[in-house]
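Inspection log for the structure reproduced underneath, given as C-alpha coordinates.
The values are calculated or read from the model by the stated rules, or taken from the named source; none is laboratory data. All values reported here derive from a predicted model rather than from experimental measurement. Cβ atoms come from the backbone with ideal geometry, glycine included; neighbour counts cover every protein chain shown. With ligands, DNA and RNA removed, areas are computed over all heavy atoms of the protein, side chains included. Shrake-Rupley method; radii C 1.70, N 1.55, O 1.52, S 1.80 Å.
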Amino acid sequence: MDALKPSHRAFIALGSNVGERVEMIEKACLEMDRAGIKVQRTSSLFETAPMYYLDQEPFMNGVCEVETTLEPLELLDKLQSIEIGLGRKKLIDKGPRSIDLDILLYGQQVFTHDRLNIPHKLMLERDFVLRPLSQLIPNEVPPFKGHKTTYLSHLASLPPPSPTPVATTYISPSFPPLRATDPSRRTHVMAILNLTPDSFSDGGKHLADPEAITSTVRSFIQSGATIIDIGGESTRPGSTPVGVDEELRRIIPAIRHIRTSIPEAKNIAISVDTYRARVAAEALAAGADIINDVSAGLLDPEMLPTVARSGKSIILMHMRGSPSTMTKLTSYPNGVISDVGTELLARVAAAEATGIRRWRIILDPGLGFAKNQAEDLTILKDFAALRQTQGLEYFPWLMGPSRKRFIGRLTGVEKASERGWGTAATVTASVAGGADIVRVHDVKEMWQVARVADAIYRGVQ
(Lines give C-alpha, C1' and ligand atoms only; values in the text may rest on other atoms or scores of the structure.)
Protein backbone atom coordinates (compact mmCIF):
# COMPACT_ATOMS: atom_id res chain seq x y z
CA MET A 1 0.00 0.00 0.00
CA ASP A 2 1.37 3.44 -0.97
CA ALA A 3 2.25 5.19 2.30
CA LEU A 4 2.19 8.62 0.58
CA LYS A 5 -1.42 8.34 -0.56
CA PRO A 6 -4.38 8.52 1.83
CA SER A 7 -6.06 5.22 2.61
CA HIS A 8 -9.77 4.68 2.28
CA ARG A 9 -12.20 2.17 3.78
CA ALA A 10 -14.26 0.38 1.17
CA PHE A 11 -16.71 -2.53 1.17
CA ILE A 12 -16.68 -5.07 -1.63
CA ALA A 13 -19.33 -7.69 -2.35
CA LEU A 14 -18.05 -11.20 -3.03
CA GLY A 15 -19.96 -13.72 -5.10
CA SER A 16 -19.47 -17.01 -6.94
CA ASN A 17 -21.74 -19.73 -8.29
CA VAL A 18 -19.42 -21.71 -10.56
CA GLY A 19 -17.04 -24.48 -9.46
CA GLU A 20 -15.54 -24.47 -5.96
CA ARG A 21 -17.28 -21.29 -4.84
CA VAL A 22 -15.63 -20.76 -1.46
CA GLU A 23 -12.17 -21.51 -2.78
CA MET A 24 -12.70 -18.96 -5.57
CA ILE A 25 -13.77 -16.28 -3.09
CA GLU A 26 -10.74 -17.06 -0.94
CA LYS A 27 -8.48 -16.75 -3.96
CA ALA A 28 -10.03 -13.37 -4.73
CA CYS A 29 -9.32 -12.16 -1.20
CA LEU A 30 -5.70 -13.28 -1.49
CA GLU A 31 -5.35 -11.50 -4.83
CA MET A 32 -6.76 -8.32 -3.32
CA ASP A 33 -4.20 -8.52 -0.50
CA ARG A 34 -1.40 -9.04 -3.04
CA ALA A 35 -2.62 -6.00 -4.99
CA GLY A 36 -2.44 -3.79 -1.91
CA ILE A 37 -6.20 -3.87 -1.31
CA LYS A 38 -5.91 -5.02 2.29
CA VAL A 39 -8.80 -7.21 3.43
CA GLN A 40 -9.52 -6.13 7.00
CA ARG A 41 -12.65 -8.13 7.83
CA THR A 42 -15.02 -10.50 6.11
CA SER A 43 -18.65 -11.35 6.67
CA SER A 44 -19.90 -14.89 6.82
CA LEU A 45 -20.60 -16.52 3.48
CA PHE A 46 -24.24 -17.16 2.65
CA GLU A 47 -25.60 -19.62 0.14
CA THR A 48 -28.35 -17.73 -1.69
CA ALA A 49 -30.77 -18.37 -4.51
CA PRO A 50 -30.05 -16.49 -7.77
CA MET A 51 -31.95 -13.30 -8.61
CA TYR A 52 -32.98 -11.82 -11.97
CA TYR A 53 -31.58 -14.64 -14.14
CA LEU A 54 -32.93 -17.70 -12.32
CA ASP A 55 -31.66 -20.58 -14.48
CA GLN A 56 -28.34 -20.95 -12.66
CA GLU A 57 -26.82 -22.54 -9.58
CA PRO A 58 -27.06 -21.00 -6.07
CA PHE A 59 -24.52 -18.34 -5.20
CA MET A 60 -22.09 -18.04 -2.34
CA ASN A 61 -22.20 -14.40 -1.27
CA GLY A 62 -20.36 -12.29 1.26
CA VAL A 63 -18.85 -8.86 1.86
CA CYS A 64 -15.37 -7.79 2.87
CA GLU A 65 -14.08 -4.55 4.34
CA VAL A 66 -10.86 -3.38 2.73
CA GLU A 67 -8.32 -0.61 3.12
CA THR A 68 -6.99 0.87 -0.12
CA THR A 69 -5.10 3.86 -1.47
CA LEU A 70 -6.66 3.39 -4.90
CA GLU A 71 -9.22 5.90 -6.11
CA PRO A 72 -12.66 4.48 -7.05
CA LEU A 73 -11.98 3.89 -10.76
CA GLU A 74 -8.50 2.57 -10.03
CA LEU A 75 -10.04 0.17 -7.52
CA LEU A 76 -12.64 -0.90 -10.09
CA ASP A 77 -9.93 -1.56 -12.66
CA LYS A 78 -7.92 -3.64 -10.22
CA LEU A 79 -10.94 -5.69 -9.13
CA GLN A 80 -11.92 -6.38 -12.72
CA SER A 81 -8.34 -7.42 -13.44
CA ILE A 82 -8.53 -9.87 -10.52
CA GLU A 83 -11.82 -11.25 -11.85
CA ILE A 84 -10.32 -11.82 -15.30
CA GLY A 85 -7.20 -13.36 -13.77
CA LEU A 86 -9.39 -15.83 -11.90
CA GLY A 87 -11.16 -16.87 -15.08
CA ARG A 88 -14.39 -14.87 -15.02
CA LYS A 89 -16.18 -14.75 -18.37
CA LYS A 90 -19.34 -12.65 -18.56
CA LEU A 91 -21.61 -14.43 -21.04
CA ILE A 92 -25.05 -13.56 -19.62
CA ASP A 93 -25.97 -10.37 -17.76
CA LYS A 94 -26.43 -11.30 -14.07
CA GLY A 95 -25.77 -14.88 -15.09
CA PRO A 96 -23.31 -17.52 -13.82
CA ARG A 97 -19.90 -16.27 -12.78
CA SER A 98 -16.85 -17.83 -11.18
CA ILE A 99 -16.14 -14.65 -9.23
CA ASP A 100 -17.90 -11.33 -8.80
CA LEU A 101 -16.31 -8.36 -7.01
CA ASP A 102 -18.55 -5.28 -6.71
CA ILE A 103 -17.70 -2.03 -4.92
CA LEU A 104 -20.55 -1.27 -2.52
CA LEU A 105 -19.14 1.63 -0.50
CA TYR A 106 -16.06 3.84 -0.62
CA GLY A 107 -15.82 5.71 2.65
CA GLN A 108 -18.76 8.08 2.81
CA GLN A 109 -18.33 9.19 -0.78
CA VAL A 110 -21.07 9.36 -3.38
CA PHE A 111 -19.41 8.67 -6.72
CA THR A 112 -21.11 8.74 -10.12
CA HIS A 113 -19.51 7.67 -13.39
CA ASP A 114 -20.55 5.82 -16.55
CA ARG A 115 -18.66 2.76 -15.27
CA LEU A 116 -19.34 2.96 -11.53
CA ASN A 117 -21.88 4.21 -9.03
CA ILE A 118 -21.10 4.34 -5.30
CA PRO A 119 -23.02 3.46 -3.18
CA HIS A 120 -24.03 0.52 -5.34
CA LYS A 121 -27.45 1.39 -6.76
CA LEU A 122 -29.17 -1.93 -6.00
CA MET A 123 -27.57 -2.78 -2.67
CA LEU A 124 -30.51 -1.72 -0.49
CA GLU A 125 -32.92 -4.06 -2.29
CA ARG A 126 -30.70 -7.14 -2.14
CA ASP A 127 -30.84 -9.38 0.89
CA PHE A 128 -27.71 -11.19 -0.27
CA VAL A 129 -25.81 -7.90 0.00
CA LEU A 130 -27.42 -6.36 3.06
CA ARG A 131 -27.25 -9.51 5.19
CA PRO A 132 -23.44 -9.82 5.09
CA LEU A 133 -22.92 -6.05 5.08
CA SER A 134 -25.05 -5.76 8.21
CA GLN A 135 -22.69 -8.16 9.97
CA LEU A 136 -19.87 -5.69 9.45
CA ILE A 137 -21.53 -2.29 9.86
CA PRO A 138 -25.04 -2.94 11.20
CA ASN A 139 -25.58 0.52 12.67
CA GLU A 140 -24.04 2.69 9.96
CA VAL A 141 -26.17 4.62 7.48
CA PRO A 142 -25.79 4.62 3.66
CA PRO A 143 -24.18 7.89 2.46
CA PHE A 144 -27.20 9.11 0.52
CA LYS A 145 -28.24 12.70 1.14
CA GLY A 146 -30.74 12.94 3.96
CA HIS A 147 -30.68 9.19 4.59
CA LYS A 148 -31.11 8.11 8.24
CA THR A 149 -31.94 4.37 8.11
CA THR A 150 -29.24 1.89 9.14
CA TYR A 151 -28.22 -1.10 7.07
CA LEU A 152 -29.65 -3.45 9.69
CA SER A 153 -32.99 -1.63 9.57
CA HIS A 154 -33.00 -1.85 5.78
CA LEU A 155 -32.37 -5.59 6.02
CA ALA A 156 -35.24 -6.02 8.48
CA SER A 157 -37.59 -4.13 6.13
CA LEU A 158 -37.00 -6.44 3.16
CA PRO A 159 -39.48 -9.26 2.52
CA PRO A 160 -38.06 -12.56 3.82
CA PRO A 161 -36.17 -14.30 1.01
CA SER A 162 -37.19 -17.80 0.00
CA PRO A 163 -35.28 -19.91 0.60
CA THR A 164 -33.59 -18.16 3.54
CA PRO A 165 -29.84 -17.65 2.91
CA VAL A 166 -27.77 -20.15 4.89
CA ALA A 167 -24.51 -19.19 6.62
CA THR A 168 -21.78 -21.54 5.42
CA THR A 169 -18.52 -22.45 7.16
CA TYR A 170 -15.90 -24.19 5.05
CA ILE A 171 -13.63 -27.03 6.21
CA SER A 172 -12.20 -28.75 3.12
CA PRO A 173 -13.20 -29.78 -0.41
CA SER A 174 -13.96 -33.32 0.77
CA PHE A 175 -15.98 -32.31 3.85
CA PRO A 176 -19.51 -30.89 3.66
CA PRO A 177 -19.69 -27.25 4.76
CA LEU A 178 -21.23 -26.47 8.14
CA ARG A 179 -24.59 -24.70 7.72
CA ALA A 180 -25.10 -23.00 11.06
CA THR A 181 -28.39 -21.28 10.24
CA ASP A 182 -30.06 -24.25 8.55
CA PRO A 183 -32.74 -25.38 11.04
CA SER A 184 -32.74 -28.90 9.57
CA ARG A 185 -28.97 -29.48 9.65
CA ARG A 186 -27.60 -32.66 11.19
CA THR A 187 -25.25 -32.51 14.17
CA HIS A 188 -21.67 -33.62 13.49
CA VAL A 189 -20.02 -35.98 15.96
CA MET A 190 -16.38 -35.20 16.73
CA ALA A 191 -14.54 -38.21 18.16
CA ILE A 192 -11.74 -37.64 20.67
CA LEU A 193 -8.44 -39.40 19.95
CA ASN A 194 -6.09 -38.81 22.88
CA LEU A 195 -2.38 -39.43 22.27
CA THR A 196 -1.42 -38.62 25.85
CA PRO A 197 -0.34 -40.80 28.77
CA ASP A 198 -2.28 -38.67 31.28
CA SER A 199 -5.69 -37.87 29.84
CA PHE A 200 -8.31 -38.10 32.60
CA SER A 201 -10.34 -40.44 30.42
CA ASP A 202 -8.26 -42.67 28.15
CA GLY A 203 -4.63 -41.68 28.46
CA GLY A 204 -1.91 -43.88 26.97
CA LYS A 205 -4.14 -46.09 24.88
CA HIS A 206 -2.86 -45.02 21.46
CA LEU A 207 0.68 -43.81 22.10
CA ALA A 208 3.06 -44.95 19.34
CA ASP A 209 0.71 -47.73 18.23
CA PRO A 210 -0.45 -47.40 14.61
CA GLU A 211 -2.55 -50.57 14.84
CA ALA A 212 -4.46 -49.22 17.83
CA ILE A 213 -5.00 -45.92 16.03
CA THR A 214 -6.26 -47.72 12.91
CA SER A 215 -8.67 -49.85 14.92
CA THR A 216 -9.98 -46.89 16.92
CA VAL A 217 -10.39 -44.54 13.95
CA ARG A 218 -12.23 -47.21 11.95
CA SER A 219 -14.49 -47.79 14.93
CA PHE A 220 -15.16 -44.05 15.21
CA ILE A 221 -16.10 -43.81 11.55
CA GLN A 222 -18.30 -46.91 11.64
CA SER A 223 -20.03 -45.44 14.70
CA GLY A 224 -20.89 -42.18 12.94
CA ALA A 225 -18.04 -39.77 13.62
CA THR A 226 -17.31 -37.24 10.87
CA ILE A 227 -14.47 -35.39 12.63
CA ILE A 228 -11.51 -36.84 14.55
CA ASP A 229 -10.00 -34.52 17.19
CA ILE A 230 -6.39 -35.46 17.95
CA GLY A 231 -4.74 -34.27 21.15
CA GLY A 232 -1.12 -34.63 22.21
CA GLU A 233 -1.33 -32.79 25.54
CA SER A 234 -3.91 -33.03 28.28
CA THR A 235 -5.75 -29.77 29.02
CA ARG A 236 -7.60 -31.06 32.07
CA PRO A 237 -7.64 -28.66 35.06
CA GLY A 238 -4.23 -28.53 36.73
CA SER A 239 -2.45 -30.45 33.97
CA THR A 240 1.27 -29.95 33.35
CA PRO A 241 2.25 -28.80 29.85
CA VAL A 242 4.53 -30.95 27.71
CA GLY A 243 7.16 -29.51 25.40
CA VAL A 244 6.39 -28.66 21.79
CA ASP A 245 8.74 -31.39 20.51
CA GLU A 246 6.97 -34.04 22.58
CA GLU A 247 3.56 -32.87 21.40
CA LEU A 248 4.73 -33.06 17.79
CA ARG A 249 6.24 -36.51 18.35
CA ARG A 250 2.86 -37.74 19.53
CA ILE A 251 0.52 -36.29 16.93
CA ILE A 252 2.28 -35.86 13.58
CA PRO A 253 2.80 -39.60 12.90
CA ALA A 254 -0.86 -40.21 13.81
CA ILE A 255 -2.11 -37.55 11.37
CA ARG A 256 0.04 -38.94 8.57
CA HIS A 257 -1.05 -42.48 9.38
CA ILE A 258 -4.73 -41.58 9.22
CA ARG A 259 -4.27 -39.69 5.96
CA THR A 260 -2.17 -42.34 4.22
CA SER A 261 -3.15 -45.69 5.73
CA ILE A 262 -6.86 -45.54 6.56
CA PRO A 263 -8.87 -45.22 3.31
CA GLU A 264 -12.14 -44.96 5.23
CA ALA A 265 -10.93 -41.64 6.65
CA LYS A 266 -10.63 -39.96 3.24
CA ASN A 267 -13.65 -37.72 3.82
CA ILE A 268 -13.22 -37.38 7.57
CA ALA A 269 -12.02 -34.01 8.87
CA ILE A 270 -9.01 -34.09 11.19
CA SER A 271 -8.95 -31.54 14.00
CA VAL A 272 -5.90 -30.99 16.21
CA ASP A 273 -6.33 -29.95 19.83
CA THR A 274 -3.39 -27.60 20.44
CA TYR A 275 -2.64 -24.06 21.55
CA ARG A 276 0.88 -23.98 20.09
CA ALA A 277 1.47 -22.29 16.73
CA ARG A 278 4.35 -24.53 15.68
CA VAL A 279 2.31 -27.64 16.38
CA ALA A 280 -0.59 -26.15 14.43
CA ALA A 281 1.62 -25.36 11.42
CA GLU A 282 3.14 -28.83 11.26
CA ALA A 283 -0.19 -30.56 11.88
CA LEU A 284 -1.90 -28.67 9.06
CA ALA A 285 1.02 -29.44 6.75
CA ALA A 286 0.70 -33.13 7.67
CA GLY A 287 -2.96 -33.26 6.65
CA ALA A 288 -5.08 -31.78 9.44
CA ASP A 289 -8.02 -29.57 8.47
CA ILE A 290 -8.90 -27.71 11.68
CA ILE A 291 -7.01 -26.31 14.66
CA ASN A 292 -8.94 -26.64 17.92
CA ASP A 293 -7.36 -24.07 20.24
CA VAL A 294 -8.66 -24.12 23.81
CA SER A 295 -7.21 -20.63 24.33
CA ALA A 296 -8.55 -19.07 21.10
CA GLY A 297 -5.05 -17.81 20.35
CA LEU A 298 -4.29 -16.31 23.77
CA LEU A 299 -1.57 -18.74 24.88
CA ASP A 300 0.60 -18.37 21.76
CA PRO A 301 0.59 -15.01 19.94
CA GLU A 302 1.66 -16.74 16.73
CA MET A 303 -1.31 -19.11 16.63
CA LEU A 304 -3.82 -16.88 14.84
CA PRO A 305 -1.33 -15.58 12.22
CA THR A 306 -0.21 -19.18 11.61
CA VAL A 307 -3.74 -20.39 10.94
CA ALA A 308 -4.43 -17.33 8.79
CA ARG A 309 -1.43 -18.11 6.57
CA SER A 310 -2.55 -21.72 6.21
CA GLY A 311 -6.02 -20.75 5.00
CA LYS A 312 -7.46 -23.54 7.17
CA SER A 313 -10.23 -23.45 9.78
CA ILE A 314 -10.02 -22.83 13.51
CA ILE A 315 -12.13 -23.52 16.59
CA LEU A 316 -11.95 -20.62 19.04
CA MET A 317 -12.79 -21.85 22.53
CA HIS A 318 -13.54 -19.62 25.49
CA MET A 319 -11.07 -20.02 28.32
CA ARG A 320 -9.34 -17.74 30.79
CA GLY A 321 -5.77 -18.18 31.95
CA SER A 322 -4.28 -21.60 31.31
CA PRO A 323 -5.29 -25.15 32.23
CA SER A 324 -3.28 -24.77 35.44
CA THR A 325 -4.92 -21.47 36.51
CA MET A 326 -8.38 -21.46 34.92
CA THR A 327 -10.24 -22.96 37.91
CA LYS A 328 -9.66 -19.69 39.81
CA LEU A 329 -11.00 -17.47 37.00
CA THR A 330 -14.72 -18.17 37.22
CA SER A 331 -16.14 -14.72 38.03
CA TYR A 332 -18.67 -13.45 35.45
CA PRO A 333 -20.06 -10.13 36.76
CA ASN A 334 -22.57 -9.76 33.92
CA GLY A 335 -23.53 -13.41 33.88
CA VAL A 336 -21.74 -16.24 32.14
CA ILE A 337 -23.77 -15.95 28.91
CA SER A 338 -23.11 -12.24 28.48
CA ASP A 339 -19.44 -12.32 29.47
CA VAL A 340 -18.55 -15.44 27.45
CA GLY A 341 -20.26 -13.88 24.43
CA THR A 342 -18.34 -10.62 24.86
CA GLU A 343 -15.01 -12.39 25.30
CA LEU A 344 -15.58 -14.62 22.27
CA LEU A 345 -16.43 -11.53 20.19
CA ALA A 346 -13.01 -10.17 21.13
CA ARG A 347 -11.32 -13.40 20.01
CA VAL A 348 -13.21 -13.34 16.70
CA ALA A 349 -11.95 -9.77 16.16
CA ALA A 350 -8.40 -10.85 16.98
CA ALA A 351 -8.65 -13.74 14.50
CA GLU A 352 -10.00 -11.46 11.78
CA ALA A 353 -7.21 -8.95 12.38
CA THR A 354 -4.65 -11.61 11.44
CA GLY A 355 -6.49 -12.55 8.24
CA ILE A 356 -8.62 -15.51 9.31
CA ARG A 357 -11.84 -15.33 7.32
CA ARG A 358 -15.10 -15.37 9.25
CA TRP A 359 -16.27 -18.38 7.23
CA ARG A 360 -13.33 -20.36 8.64
CA ILE A 361 -14.23 -19.85 12.33
CA ILE A 362 -16.08 -22.22 14.68
CA LEU A 363 -16.86 -21.21 18.28
CA ASP A 364 -16.87 -23.19 21.53
CA PRO A 365 -18.14 -21.81 24.88
CA GLY A 366 -15.60 -23.93 26.77
CA LEU A 367 -17.61 -26.09 29.17
CA GLY A 368 -15.45 -26.85 32.20
CA PHE A 369 -12.79 -24.29 31.27
CA ALA A 370 -12.82 -21.34 33.69
CA LYS A 371 -16.41 -22.30 34.56
CA ASN A 372 -17.87 -23.74 37.73
CA GLN A 373 -20.69 -26.26 37.77
CA ALA A 374 -23.46 -23.65 37.87
CA GLU A 375 -21.94 -21.81 34.93
CA ASP A 376 -21.58 -24.98 32.88
CA LEU A 377 -25.24 -25.77 33.48
CA THR A 378 -26.27 -22.22 32.59
CA ILE A 379 -24.44 -22.47 29.27
CA LEU A 380 -26.20 -25.75 28.50
CA LYS A 381 -29.58 -24.33 29.51
CA ASP A 382 -29.21 -20.95 27.77
CA PHE A 383 -27.00 -21.99 24.86
CA ALA A 384 -29.49 -20.65 22.31
CA ALA A 385 -29.20 -17.19 23.89
CA LEU A 386 -25.39 -17.33 23.68
CA ARG A 387 -25.61 -18.22 19.99
CA GLN A 388 -27.75 -15.13 19.40
CA THR A 389 -25.25 -12.71 20.93
CA GLN A 390 -25.03 -9.79 18.51
CA GLY A 391 -22.07 -10.46 16.24
CA LEU A 392 -22.05 -14.23 16.86
CA GLU A 393 -25.37 -15.14 15.21
CA TYR A 394 -24.00 -16.83 12.10
CA PHE A 395 -21.14 -18.92 13.49
CA PRO A 396 -21.26 -22.70 13.93
CA TRP A 397 -20.69 -23.92 17.49
CA LEU A 398 -18.97 -26.89 19.04
CA MET A 399 -19.98 -28.24 22.43
CA GLY A 400 -17.63 -30.48 24.42
CA PRO A 401 -19.47 -31.79 27.49
CA SER A 402 -18.21 -35.38 27.29
CA ARG A 403 -17.42 -36.98 30.67
CA LYS A 404 -16.82 -33.58 32.27
CA ARG A 405 -16.27 -33.25 36.01
CA PHE A 406 -19.55 -31.49 36.62
CA ILE A 407 -21.32 -34.61 35.29
CA GLY A 408 -19.40 -36.69 37.81
CA ARG A 409 -20.31 -34.34 40.65
CA LEU A 410 -23.99 -34.34 39.71
CA THR A 411 -24.21 -38.12 39.37
CA GLY A 412 -21.66 -39.23 41.94
CA VAL A 413 -19.79 -41.14 39.23
CA GLU A 414 -16.08 -40.67 39.93
CA LYS A 415 -14.69 -42.73 37.04
CA ALA A 416 -14.77 -40.60 33.89
CA SER A 417 -15.32 -43.53 31.54
CA GLU A 418 -18.58 -44.35 33.36
CA ARG A 419 -20.19 -40.92 32.84
CA GLY A 420 -21.91 -41.87 29.59
CA TRP A 421 -25.49 -41.50 30.80
CA GLY A 422 -24.83 -38.03 32.14
CA THR A 423 -23.00 -37.11 28.95
CA ALA A 424 -26.02 -38.24 26.94
CA ALA A 425 -28.18 -35.64 28.69
CA THR A 426 -25.66 -32.88 27.94
CA VAL A 427 -25.41 -33.90 24.28
CA THR A 428 -29.20 -33.72 23.99
CA ALA A 429 -29.18 -30.26 25.59
CA SER A 430 -26.41 -29.18 23.21
CA VAL A 431 -28.39 -30.24 20.15
CA ALA A 432 -31.54 -28.61 21.51
CA GLY A 433 -29.61 -25.36 21.97
CA GLY A 434 -28.25 -25.42 18.43
CA ALA A 435 -24.83 -27.10 18.49
CA ASP A 436 -23.36 -27.94 15.09
CA ILE A 437 -20.71 -30.31 16.50
CA VAL A 438 -20.55 -32.36 19.70
CA ARG A 439 -17.13 -33.54 20.87
CA VAL A 440 -17.38 -36.93 22.58
CA HIS A 441 -15.51 -39.99 23.79
CA ASP A 442 -18.33 -42.56 23.47
CA VAL A 443 -18.92 -42.17 19.75
CA LYS A 444 -21.36 -44.99 19.06
CA GLU A 445 -23.63 -44.11 21.96
CA MET A 446 -23.48 -40.32 21.50
CA TRP A 447 -24.10 -40.60 17.76
CA GLN A 448 -27.34 -42.36 18.63
CA VAL A 449 -28.19 -39.62 21.14
CA ALA A 450 -27.46 -36.89 18.60
CA ARG A 451 -29.43 -38.69 15.90
CA VAL A 452 -32.55 -38.87 18.05
CA ALA A 453 -32.09 -35.30 19.31
CA ASP A 454 -31.78 -34.13 15.69
CA ALA A 455 -35.07 -35.84 14.91
CA ILE A 456 -36.79 -34.22 17.91
CA TYR A 457 -35.40 -30.68 17.65
CA ARG A 458 -34.55 -30.32 13.95
CA GLY A 459 -36.91 -32.70 12.22
CA VAL A 460 -34.03 -34.63 10.65
CA GLN A 461 -35.07 -38.25 10.11
Hey, does the range 277-290 have a residue that's in contact (Cβ under 8 Å) with a residue 40 or more places away in the chain and under 14 Å from the mean Cα position of the chain (by Cα)? yes
Qualifying residue in the range 374-393 (condition: over 30 Å from Asn139 (Cβ atoms), touching a helix residue (DSSP H, G or I) at 6+ places or on another chain (Cβ under 8 Å) and hydrophobic (A, V, I, L, M, F, W, C)): yes
On the basis of being part of a helix (DSSP H, G or I), under 30 Å from Arg405 (Cα atoms) and of a type in the set (Lys, Arg), does Arg249 make the cut? yes
State all residues of the range 252-276 that are assigned to a helix (DSSP H, G or I) and touching a strand residue (DSSP E or B) at 6+ places or on another chain (Cβ under 9 Å); if no residue qualifies, say none. Ala254, Ile255, Ile258, Arg259, Ala265
Matching residues in the range 369-400 - criterion: being buried (at least 23 other Cβ atoms within 10 Å of the Cβ) and at positive phi: Ala370
Quick one: in the range 73-128, of everything that is closer than 16 Å to Lys145 by Cα and in a loop (DSSP other than H, G, I, E, B), which residue is modelled with the lowest pLDDT? Lys121
Restricting to the range 404-440, and then to whatever is over 30 Å from Leu392 (Cα atoms) and among the polar types (S, T, N, Q), can you tell me which residue is surrounded by the fewest Cβ atoms within 10 Å (Cβ to Cβ)? Ser417
Just one of the numbered conditions (1) of a type in the set (Ser, Thr, Tyr); (2) open to solvent by less than 10 Å² (accessible area, probe 1.4 Å); (3) over 27 Å from Glu393 (Cα atoms) is not true of Ser98; which one? (2)
Hey, among the residues in the range 290-317 that are farther than 15 Å from Leu344 by Cβ and among the acidic types (Asp, Glu), which one's least open to solvent (accessible area, probe 1.4 Å)? Asp300
Within the range 224-277, track down each residue that is of a type in the set (Gly, Ala, Ser), open to solvent by less than 10 Å² (accessible area, probe 1.4 Å) and closer than 25 Å to Trp397 by Cα. Ala225, Gly231, Gly232, Ala265, Ala269, Ser271, Ala277
For Ser430, the lone unmet condition from (1) over 21 Å from the mean Cα position of the chain (by Cα); (2) not in a loop (DSSP other than H, G, I, E, B) is (1)
